[in-house]
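The values are calculated or read from the model by the stated rules, or taken from the named source; none is laboratory data. The structure displayed is predicted, hence computed values, not measured ones. Every residue, glycine among them, receives a Cβ derived from its backbone with ideal geometry; neighbour counts consider all protein chains shown.
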Amino acid sequence: MPKKSFVSSLREFPLDRAFTWFESGPVLLIGTACEGKANIMTVSCHMSMGFTPLLGCMLGPWNHSYEILRKTRRCVVSVPGADLMEIAVDVGNCSGASVDKFSRFGLTYRLGEESGAPLIEECLANLECVVRKIPPRGGPYQFVLEGVRAWHNPDREEKRSFHARGDGFFIIDGETLNLRDRMVKWQDCI
């Protein structure tokens, strides 16, 4: 088959930055608690694993929460609204080993009934989780978290989440489109 003659707009992209195209989920805050101390960290590298509350979440030994999560096997995954974007970035730029992030950033929490980890009151949603898979030491550093109880805050004025694009760039959710009537396959199941 002969090649078509055209000018390509494609340019090679650094392979180590290609993940920025595929980070589909919103930026999350992961809350942990151990020995009476609550902590949170920011995570953008995660994925939904099917149609159940099962999440794959990447964090490694460079994160203070890594050892806490390995030890307690409990956490809360929280979805901050777009109005908390700067706070979420700042939370990710300091360590819970030396900073009480809740006090520093003015976030309030209560401990989850199933997880004992902090539910963040200011967030859109909170999912109490148990760790179903702990990564091997040395990586790859993917924890598998299973939701055991879910909470949301329907009274929040800001309901948009935001997504990391890598290198300090973010996208805020925009207009919501309803195409349910076009999704005919699942309608027969309900």
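Listing for the model above:
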quantity: Flag for Glu86 being of a type outside the set (Val, Ile, Thr), buried (at least 19 other Cβ atoms within 10 Å of the Cβ) and closer than 19 Å to Glu158 by Cβ; calculated: no
quantity: Candidate set from region 80-133 (those that are of a type in the set (Lys, Arg) and free of Cβ contacts under 8 Å to residues at least 40 places away in the same chain); member that is nearest to His163 (Cα to Cα); calculated: Arg104
quantity: Single unsatisfied condition, Ala38 versus (1) within 22 Å of Glu121 (Cβ to Cβ); (2) surrounded by fewer than 18 Cβ atoms within 10 Å (Cβ to Cβ); (3) aliphatic (A, V, I, L, M); calculated: (2)
quantity: Residue in region 148-185 that is nearest to Arg74 (Cα to Cα), counting only those that are among the acidic types (Asp, Glu) and exposed (fewer than 10 other Cβ atoms within 10 Å of the Cβ); calculated: Asp155
quantity: Ser115 in contact with a Lys or Arg (Cβ under 6 Å, 6 or more places away or on another chain) and polar (S, T, N, Q); calculated: yes
quantity: Near pairs, Cβ below 8 angstrom, 6+ apart or cross-chain, from region 66-79 (in contact (Cβ under 8 Å) with a residue 24 or more places away in the chain) to any residue that is part of a helix (DSSP H, G or I) and not small (Gly, Ala, Ser); calculated: Cys75/Leu69
quantity: Residues located in region 144-182, provided they are touching a strand residue (DSSP E or B) at 6+ places or on another chain (Cβ under 7 Å), under 16 Å from Gly25 (Cα atoms), at pLDDT 90 or above and of a type in the set (Lys, Arg); calculated: Arg160
quantity: Residue selected from region 70-81 under the condition surrounded by 20 or more Cβ atoms within 10 Å (Cβ to Cβ) and farther than 12 Å from Gly147 by Cα, by the criterion modelled with the lowest pLDDT; calculated: Val79
quantity: Test: residue in region 95-111 that is among the hydrophobic types (A, V, I, L, M, F, W, C) and within 16 Å of the chain's Cα centre (by Cα); calculated: no
quantity: Filter result (basic (Lys, Arg) and modelled with pLDDT under 80) within region 11-69; calculated: Arg11, Arg17
quantity: Identity of the residue in region 93-147, among the charged types (D, E, K, R), over 16 Å from Leu59 (Cβ atoms) and touching a helix residue (DSSP H, G or I) at 6+ places or on another chain (Cβ under 9 Å), that ends up surrounded by the most Cβ atoms within 10 Å (Cβ to Cβ); calculated: Glu122
quantity: Subset of region 131-143 that is under 19 Å from Gly25 (Cβ atoms) and either among the hydrophobic types (A, V, I, L, M, F, W, C) or in contact with a Pro (Cβ under 7 Å, 6 or more places away or on another chain) (or both) - its residue that is modelled with the lowest pLDDT; calculated: Tyr141
